[in-house]
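Asks: I'd like to ask some things about the structure below.
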Amino acid sequence: MDAELRSLLIGTLGLDAALVAAMVLAVRRRPRSPADLASLHVPGWYAGTAALQFAHFAEEYIGGFQILLPLALGLEPWSAKFFVNLNLAWLAAWLLSVPLVRRGFRPVFFLPWFLAIAGVVNGIVHPLLCLRAGGWFPGIWTAPAVGVAGAMLAHRLWKGTAAPEEVSRIT
């Protein structure tokens, strides 16, 4: 296998796992009413967490995360083009789906779940990367805020959604 492809596939396995978990949650939990989502401020937390993720991405990019993370994993560095396009595509999807989440449109709910899970993972992994590096690692300054926002978003999503059996009891 090509070294660059191997680096992309192995280096993003954590994101892949978070995406699978988000899809499972989106399938297993149905959004409650738009009024419930609004009262829990789900759309606002979603948009705010996406904005923090943009700041986190900018910090990572400026610090060379796309080079240093793969190297720390014994992989080839990622191209700036790949790293920027990946992050901007997810940011666009998150921000463009906010109105659909506000309406409780179930097919897009894997997006806020993914952002919440990825945020929590960032909040945990970046300090561990700093420990491994013996000092600073790109993304450490914004990771705690992204982690807390991700946890808050996950909590609100959990309260703003219900398992199918809960939905039948509510209606």
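The values are calculated or read from the model by the stated rules, or taken from the named source; none is laboratory data. Predicted model, so just to flag it, every value in this text is computed and none were measured. Neighbour counts are summed over all protein chains in view; Cβ atoms, including those assigned to glycine, are modelled from backbone coordinates with ideal geometry.
Asks: Return the residues of the stretch 126-135 that are free of Cβ contacts under 8 Å to residues at least 24 places away in the same chain and part of a helix (DSSP H, G or I); say none if nothing qualifies.
Replies: Within the stretch 126-135, His126, Pro127, Leu128, Cys130, Leu131 qualify.
Asks: Could you look through the stretch 67-125, keep only residues that are part of a helix (DSSP H, G or I) and of a type in the set (D, E, K, R), and pick out the one that is nearest to Ala35 (Cα to Cα)?
Replies: Checked the stretch 67-125; the qualifying residue nearest to Ala35 (Cα to Cα) is Arg102.
Asks: Among the residues of the stretch 34-57, are any under 19 Å from Leu8 (Cβ atoms), of a type in the set (A, V, I, L, M), part of a helix (DSSP H, G or I) and out of contact with any strand residue (DSSP E or B) (no Cβ under 6 Å at 6 or more places or on another chain)?
Replies: Checked against the condition, which is being under 19 Å from Leu8 (Cβ atoms), of a type in the set (A, V, I, L, M), part of a helix (DSSP H, G or I) and out of contact with any strand residue (DSSP E or B) (no Cβ under 6 Å at 6 or more places or on another chain), the stretch 34-57 yields no hits at all.
Asks: Taking the conditions exactly as written (surrounded by fewer than 23 Cβ atoms within 10 Å (Cβ to Cβ) and at pLDDT 95 or above), does Pro144 satisfy them or not?
Replies: Judged against the criteria, Pro144 is a match.
Asks: Look at Ala55 and say whether it is of a type in the set (Gly, Ala, Ser), in contact (Cβ under 8 Å) with a residue 60 or more places away in the chain and buried (at least 17 other Cβ atoms within 10 Å of the Cβ).
Replies: It is false that Ala55 is of a type in the set (Gly, Ala, Ser), in contact (Cβ under 8 Å) with a residue 60 or more places away in the chain and buried (at least 17 other Cβ atoms within 10 Å of the Cβ).
Asks: Only one residue in Leu91, Leu95, Leu100 is hydrophobic (A, V, I, L, M, F, W, C), within 24 Å of Pro31 (Cβ to Cβ) and free of Cβ contacts under 8 Å to residues at least 24 places away in the same chain, so which one is that?
Replies: It is Leu100.
Asks: Please determine, by comparing only the residues of the stretch 89-125 that are touching a Pro at 6+ places or on another chain (Cβ under 8 Å), surrounded by 14 or more Cβ atoms within 10 Å (Cβ to Cβ) and not aliphatic (A, V, I, L, M), which one is nearest to Leu69 (Cα to Cα).
Replies: Gly123
Asks: Based on this model, can you work out whether Gly134 counts as under 25 Å from Ile62 (Cα atoms), surrounded by fewer than 19 Cβ atoms within 10 Å (Cβ to Cβ) and of a type outside the set (Lys, Arg)?
Replies: So Gly134 fits the description; yes.
Asks: Can you find, within the stretch 147-171, the residue that is modelled with the lowest pLDDT among those that are surrounded by 15 or more Cβ atoms within 10 Å (Cβ to Cβ) and among the hydrophobic types (A, V, I, L, M, F, W, C)?
Replies: Ala162
Asks: List, please: which pairs have Cβ atoms under 9 Å, are six or more places apart or on different chains, and start with a residue in the stretch 148-163 that is touching a residue at least 60 places away in the same chain (Cβ under 8 Å) and at negative phi and end with one that is surrounded by 15 or more Cβ atoms within 10 Å (Cβ to Cβ) and in a strand (DSSP E or B)?
Replies: Cβ pairs passing all conditions: Leu157/Pro31; Gly160/Pro31; Thr161/Arg30; Thr161/Pro31; Ala162/Arg30; Ala162/Pro31; Ala163/Arg30.
Asks: Could you list, ordered by first residue, the pairs with Cβ atoms under 7 Å in which the first is in the stretch 1-28 and at pLDDT below 95 and the second is part of a helix (DSSP H, G or I) and surrounded by fewer than 13 Cβ atoms within 10 Å (Cβ to Cβ), at least 6 apart or interchain?
Replies: Listed pairs, sorted by first residue: none to list.
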